[in-house]
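A.B. asks: Sharing a structure below in structure tokens format, with a few things to ask.
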Amino acid sequence: MATSSTDEPRVLIVDDEEPIADLYEHHLGDTYDVRVAYGGEEALETVAETVDVVLLDRRMPDLSGDEVLRRIRAADFDCRVVMVTAVTPEADIVELPFDDYLNKPVDKDTLLDAVDHQLTVREYGETYQELNQACAKINALEAEKATNELEELPEYRELKDKVERLRTEQEALLDELDYFEAATAWQ
């Protein structure tokens, strides 16, 4: 996970309405390393820093949130993006590559839950990738070495331990994701 110098996840709040952006910063500032951009252009300059989650308004005068989102994705920034907006979702959102969509007004708990969820999804992806890499290494070794040879290699034993640890982490993250899904399930 990308982290800042404080090792707290970094959240970028993008909203041209300064009181709203400042309120969101107040809501999240105790938990995360928060940056604020009061417009689309400023957001694109700021997201170049290490940002984990972007909370992005859609309707802004200088550069729309939709365009900011497209540019973030085109530049391949490694962050999750949550649209936080008063724009009622229409069919046009189907083509937008955001990770979550929240309709204003949004309270503190909703913001915290949305950021936590995006960080969990991101961590799950990283854990899954690391687990796949470790399993591929084990498979490659097992295809070429005898079991008794492998058991004598400390690196192999460490790799097996790593796989077990990653599987446990993955299961815990899945439980968190399942909990979130259950809490926000469609009625």
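The values are calculated or read from the model by the stated rules, or taken from the named source; none is laboratory data. What you are looking at is a predicted structure, and each value in this text was computed from that prediction instead of being measured. FYI the Cβ positions are ideal-geometry reconstructions off the backbone, even for glycines, and counts take in every protein chain you see. Heads up: the accessible areas ignore ligands, DNA and RNA and are worked out on the full protein's heavy atoms, side chains in. Shrake-Rupley method; radii C 1.70, N 1.55, O 1.52, S 1.80 Å.
A.B. asks: Out of everything in region 140-159 that is outside any helix (DSSP H, G or I) and of a type in the set (A, V, I, L, M), what residue ends up being surrounded by the fewest Cβ atoms within 10 Å (Cβ to Cβ)?
C.D. replies: Ala146
A.B. asks: Tell me which residues, restricted to region 13-32, are open to solvent by less than 10 Å² (accessible area, probe 1.4 Å) and of a type in the set (Asp, Glu).
C.D. replies: Asp15, the sole residue that qualifies.
A.B. asks: Would you confirm whether any residue within region 71-84 is open to solvent by less than 80 Å² (accessible area, probe 1.4 Å) and touching a Gly at 6+ places or on another chain (Cβ under 6 Å)?
C.D. replies: Within region 71-84 (the criterion being open to solvent by less than 80 Å² (accessible area, probe 1.4 Å) and touching a Gly at 6+ places or on another chain (Cβ under 6 Å)), the answer is no, since none of the residues qualifies.
A.B. asks: From the list Gln170, Gln133, exactly one residue is of a type outside the set (Asp, Glu) and open to solvent by less than 60 Å² (accessible area, probe 1.4 Å). Which is it?
C.D. replies: Gln170
A.B. asks: Still on this structure, I have one more. Filter region 117-141 down to the residues that are in contact (Cβ under 8 Å) with a residue 40 or more places away in the chain and of a type outside the set (Lys, Arg) and list them by number.
C.D. replies: His117, Gln118, Leu119, Thr120, Val121, Glu123, Tyr124, Glu126, Thr127, Tyr128
A.B. asks: When the residues of region 22-41 are filtered to those that are of a type in the set (D, E, K, R) and touching a residue at least 12 places away in the same chain (Cβ under 8 Å), which remaining residue is nearest to Leu112 (Cα to Cα)?
C.D. replies: Glu25
A.B. asks: Do any residues in region 67-87 that are touching a residue at least 24 places away in the same chain (Cβ under 8 Å) have Cβ atoms under 6 Å from those of residues that are open to solvent by 60 Å² or more (accessible area, probe 1.4 Å) and not aliphatic (A, V, I, L, M), where the two are at least six apart or on different chains, and which pairs are they?
C.D. replies: Val87/Arg59
A.B. asks: Oh, and also: When the residues of region 88-130 are filtered to those that are touching a helix residue (DSSP H, G or I) at 6+ places or on another chain (Cβ under 7 Å) and open to solvent by 60 Å² or more (accessible area, probe 1.4 Å), which remaining residue is nearest to Asp178 (Cα to Cα)?
C.D. replies: Checked region 88-130; the qualifying residue nearest to Asp178 (Cα to Cα) is Glu123.
A.B. asks: Among the residues of region 36-53, are any more than 25 Å from Tyr128 (Cβ to Cβ), in contact with a Phe, Trp or Tyr (Cβ under 7 Å, 6 or more places away or on another chain) and not hydroxyl-bearing (Ser, Thr, Tyr)?
C.D. replies: No, region 36-53 has no match at all.
A.B. asks: Might you let me know whether region 23-45 holds any residue that is among the aliphatic types (A, V, I, L, M) and under 15 Å from Pro9 (Cβ atoms)?
C.D. replies: yes
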